[in-house]
Amino acid sequence: MGIFTPKRLAANDGFGEKLRQARLFKNMKLEDISRRINISVKYLRALEEENFNNLPNGLYRKNFLKEYANYLKLDSLELIKQLETITENDLSDNPFSQKILKKNKFLVFPKIIRNILIFLSVIICFLYLMFYFQKIISAPKLTIIYPEKNLLTKETAIEIKGQTEKEAEVKINGELILNNNNGNFSQTINLKKGLNTITINAQKKYSKESSVTRQILVE
């Protein structure tokens, strides 16, 4: 077996050649070093050949180089600096990436967006149904235009005027009255001497009931 004679390293030699020369000078095989520093032979060979296609990206690549260089008693900082100079224009060199994502991995993102849109659509539909249901069961708005409040009068009759929602039925003292298409209604009520209590109710088909009471005192 011949004795290895290391060549004189030039200043412009790459970090890979420096690794290889240092290993050969120690008369060591890649397999032996791999077992000792727990880095795959594939990665050690890729470092010596500066074959970035077979190396992971970012911190993993630099850590492998640092471990290998330290084991060979080389200046790891200098070699890492050389590596960074080579890869500084590599846009895919994400410092937190372990490997370059395959193109089909990006198909995951449209699926996530699709699922988010479906979820939002379900939420919107649910909120709409809740709003529609609440509108159905809520009591209709009921406004009494006249009389606006309890009244003292000498008249024996009074006209009740008011407004509610057009779908609502209106009752005055339990008697159903008609309202027009806008929900306006009016009804003349006979009064008796003394205190008269008038109750106006409005209710839609499935809703709660709105109720307003007026007290009219006839002298």
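The values are calculated or read from the model by the stated rules, or taken from the named source; none is laboratory data. Given the structure is predicted, the values throughout are model-derived calculations rather than measurements. Cβ placement follows ideal geometry from the backbone for every residue including glycine, while neighbour counts extend to all protein chains displayed.
Grab the helices (runs of 4 or more DSSP H) fully contained in the range 4-92, keeping just those with 2 or more residues being surrounded by fewer than 17 Cβ atoms within 10 Å (Cβ to Cβ) and at pLDDT below 90. Walk me through it before giving the result.
On the way: elements: 15-25, 30-37, 41-49, 58-71, 76-87.
Qualifying helices (runs of 4 or more DSSP H): 58-71, 76-87.
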Can Phe119 be described as assigned to a helix (DSSP H, G or I) and among the aromatic types (Phe, Trp, Tyr)? yes
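Residues in the range 155-163: is at least one farther than 23 Å from Glu209 by Cα and in a strand (DSSP E or B)? I'd like the intermediate steps shown before the answer.
So the first thing to find is which residues in the range 155-163 are farther than 23 Å from Glu209 by Cα, and the list is 155-158.
Adding the requirement that they be in a strand (DSSP E or B) leaves 157-158.
Yes, the range 155-163 contains at least one residue that is farther than 23 Å from Glu209 by Cα and in a strand (DSSP E or B).
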Please verify whether Asn181 is of a type in the set (S, T, N, Q) and outside any strand (DSSP E or B), treating the condition exactly as stated. yes
Looking only at residues that are at pLDDT below 90 and small (Gly, Ala, Ser) in the range 131-167, which one is farthest from the chain's Cα centre (by Cα)? Ala139
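Determine if the range 120-130 includes at least one residue that is in contact with a Lys or Arg (Cβ under 9 Å, 6 or more places away or on another chain) and at pLDDT 85 or above.
Residues of the range 120-130 in contact with a Lys or Arg (Cβ under 9 Å, 6 or more places away or on another chain): none.
Among the residues of the range 120-130, not one is in contact with a Lys or Arg (Cβ under 9 Å, 6 or more places away or on another chain) and at pLDDT 85 or above, which makes the answer no.
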Scan the range 132-184 residue by residue and report those that are within 21 Å of Gly194 (Cβ to Cβ) and buried (at least 16 other Cβ atoms within 10 Å of the Cβ). Pro147, Leu151, Ile158, Ile160, Ile172
